[in-house]
Amino acid sequence: MSSKKVVIVGGGAAGGTAAQFARKADREAQIAVLSREEHGQYSRCGLVYALSGVVESFDSLIEFGPGWFQERGIDYRTGVSATIIEPNSRRIDVLKGHNTENIFYDSLVIATGGVPKIPEIDGIHTTEGSAKDGIFVLRTLEDGKHIKERGATAKSAVIAGAGMIGVEAADALRHLGLNVTIVEAEGSVLPTMLDPDVAETVELRMRELGIVVKTGALVSSVNGARGVESVRVKRVADGATAEINCDMLVLAVGTAPAAKLAGSAGCAIGATGGIVIDDRCSTSVQNIFAAGDCSEYRDFITGVPSLCGMGHIAVQQGRVAGINAVGGDARLLPGLVTTRGISLPDMEVSATGPTTDQLKAAGIDVMASRVAVDDRVPYFPNSKLAVKLIARADGHALVGAQLVGSRGAHLRAAACAIAVAKGMRAEELARIEMCYLPPAAPPLDPLNVAAEFLAKRLEKR
């Protein structure tokens, strides 16, 4: 491959990975990474574990510091912002402090990530327009450090949003000794990950841990002149309100793609607000690629445009974008399978593929089965693993899985992801030879049992 000038905007999971694989694919390429942050590539998914103290410090989450990249001939610049992309001249204007520099590129990778959504909540700002003291988001190392600092003196917290970040943040703050209430507008927790019947088990566990869960409600206002003293929560169904005293409010209602820079350069922006990419991570502008939370790619099952939103997907996309930026031809799968997971004390929660509601909204006729079976043989202490499998009513191909249990859910979700990606039918998964190990798995794996049950339901239909 010929030597190229590759510039990568964003130094997170997608951007950092793009730099690494561009270097592996082309030892002579000139590679520069432009990062707003100072830390290098770190794990955003690990923020909740550093917040709770399970991980010793936030700095432990730094996987590849700026020096690591420099040692490999990658010009990793921190504390800089790309302000303008001029695709005709292949120029980027870069701002550091008050100084602007022009950088030219042969290939550009945009990996600008996402920004936390800020819901419309009355009283969230002071009269001067700044955010009130005690209101937080959780996206960066600094965010995590600020929340932990407040958590050391606070007594109670409210989390707005019971998605993956919200649920794990609620548990982290509970771990710090705070009284925690989580508020979710939808009727169940983890609404984009789990069907309501599966989410019930997670909600029950959260309540057992002492977390107050309010679904079908939203935070409508914040009380306090300059800081958070209480919040008002409004029920979606009838508008009834209640006041909750708290010292801090964490906003976890989702992340929006940071795609403004790409849009100003002429890159197509999709229905989700993300940068539209194909299976090579190419954008609509020649020589510009995109990867990670700023990008939009189709769902593997429904074909619906979807946001990345997951660290492992960002890494996969970063790999493809980096290789192709130096002239390679790497490809993504033809869609996002979106395997995801969270953990609570003594509970693993995992899923792959769309939820039932998402499948139905896409016009896909499905059937599902849900079983709860022992996660290992009876002569070892065992517990129930709940497995819900979803398959097309016509053809019986598996399209989704949701698993909740004290152990084994995450790795089995990975097996389900393979089954979904390969179009495996329920009958086939029922017959697959799984690993049998008495301390870890029974002779008939929970996936075998769930698939058998679903296959019989499909056959009867």
Counting only residues in the range 159-187 that are part of a strand (DSSP E or B) and out of contact with any Lys or Arg (no Cβ under 9 Å at 6 or more places or on another chain), the one farthest from Asn245 (Cα to Cα) is identified as Ala160
When (1) buried (at least 24 other Cβ atoms within 10 Å of the Cβ); (2) modelled with pLDDT under 95; (3) of a type outside the set (Lys, Arg) are applied to Leu403, the one that fails is (2)
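Every residue, every condition in (1) outside the structural domain of Ala172 (by TED's automatic domain parsing); (2) more than 18 Å from the chain's Cα centre (by Cα); (3) in a helix (DSSP H, G or I); (4) within 30 Å of Arg174 (Cβ to Cβ), yes or no:
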| position | (1), (2), (3), (4) |
| --- | --- |
| Val48 | yes, no, yes, yes |
| Val54 | yes, yes, no, yes |
| Asp59 | yes, yes, yes, yes |
| Phe69 | yes, yes, yes, no |
| Asp75 | yes, yes, no, no |
Check your understanding: Is it the case that the range 9-21 has a residue that's among the polar types (S, T, N, Q) and more than 14 Å from Gly322 (Cβ to Cβ)?
Key -> no
Against the condition without any contact (Cβ under 8 Å) to a residue 12 or more places away in the chain and surrounded by 16 or more Cβ atoms within 10 Å (Cβ to Cβ), how does Val48 come out, does it pass? no
Quick count over the range 412-441, residues being acidic (Asp, Glu) and not in a helix (DSSP H, G or I), is 1
Cβ pairs under 7 Å, 6+ apart or interchain, first in the range 438-452 and in the same structural domain as His410 (by TED's automatic domain parsing), second of a type in the set (S, T, N, Q), ordered by first then second residue, are Ala450/Ser369
In the range 255-272, anything closer than 22 Å to Gly161 by Cβ and out of contact with any Asp or Glu (no Cβ under 8 Å at 6 or more places or on another chain) is listed as Ala256, Ala259
Within the range 105-147, the residues that are assigned to a loop (DSSP other than H, G, I, E, B) and without any contact (Cβ under 8 Å) to a residue 40 or more places away in the chain are Glu120, Thr127, Glu128, Gly129, Ser130
Across the range 283-295, the tally of residues that are outside any helix (DSSP H, G or I) and touching a Cys at 6+ places or on another chain (Cβ under 8 Å) stands at 8
Exercise. Taking Arg232, is it surrounded by fewer than 21 Cβ atoms within 10 Å (Cβ to Cβ), more than 12 Å from Ala170 (Cβ to Cβ), in the same structural domain as Ala131 (by TED's automatic domain parsing) and among the basic types (Lys, Arg)?
Worked result: yes
**Message:** Please verify whether Lys388 is outside the structural domain of Arg174 (by TED's automatic domain parsing) and without any contact (Cβ under 8 Å) to a residue 24 or more places away in the chain, treating the condition exactly as stated.
**Reply:** no
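Each row is one residue, and each column tells you yes or no for (1) within 22 Å of Gly163 (Cβ to Cβ); (2) charged (D, E, K, R); (3) surrounded by fewer than 15 Cβ atoms within 10 Å (Cβ to Cβ).
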residue: Lys360; (1), (2), (3): yes, yes, yes
residue: Ile364; (1), (2), (3): no, no, no
residue: Asp375; (1), (2), (3): no, yes, no
residue: His396; (1), (2), (3): no, no, no
residue: Lys422; (1), (2), (3): no, yes, yes
residue: Leu447; (1), (2), (3): no, no, no
residue: Ala450; (1), (2), (3): no, no, no
residue: Arg461; (1), (2), (3): no, yes, yes
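This table checks each residue for (1) touching a residue at least 60 places away in the same chain (Cβ under 8 Å); (2) in a loop (DSSP other than H, G, I, E, B); (3) not β-branched (Val, Ile, Thr).
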site: Leu218; (1), (2), (3): yes, no, yes
site: Val231; (1), (2), (3): yes, no, no
site: Gly263; (1), (2), (3): no, no, yes
site: Thr272; (1), (2), (3): no, yes, no
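The values are calculated or read from the model by the stated rules, or taken from the named source; none is laboratory data. These numbers were taken from a predicted model, which means no experiment stands behind them. Quick reminder, even Gly has a Cβ in these numbers, built from the backbone with ideal geometry, and neighbours come from all protein chains shown.
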